[in-house]
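Bear in mind that the values in this text are calculations on the coordinates, not laboratory data. If you're wondering where the values come from, they're calculated on a predicted model, not measured in any experiment. Cβ coordinates were reconstructed from backbone atoms using ideal geometry, including for glycine residues, and neighbour counts include every protein chain displayed.
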Amino acid sequence: MAVAIQIKDVPEEVRDALAARAEARGQSTQTYLRSLLEREYQAGRNRQLLEALAGHRSLTLTAKEVAAVVRADRDG
C-alpha cells in the first residue's frame, strides 16, 4: 500500500533544482522524488545484503559474483 510523505522546510533552491532535474528527465517532480526514495531504499537493501555476505567468513566471492547476487536481489 502506498503512503503519502510530506517534507517541510525544503529550501526553494533545492525544490527548484529537483524540479529542473525531473523536467530534464521528462518526469513530474513527484515521480522523480519517488524514484530517488526508491533508489535510496534499494541501496540500503544492497548494503545489508553485502554486510550479510561479508559475515560469512567461509564464503569467498569475486566482485563479479557479488554484483550478480546484488543484481538478482534487486531484480527479484
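Figures for the structure shown
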| read-out | value |
| --- | --- |
| Among 27-34, 41-48, 11-18, the order from most to least packed when residues are scored by Cβ within 10 Å on average | 27-34, 41-48, 11-18 |
| Mean-position separation - Cα centroids, the range 40-76 and the range 9-34, in angstrom | 30 |
| From the coordinates shown, P(r) over Cα pairs in 10 Å bins from 0, in percent corresponds to which of (1) 15, 34, 24, 20, 7, 0; (2) 16, 29, 20, 14, 11, 7, 4, 0; (3) 17, 48, 28, 6 | (1) |
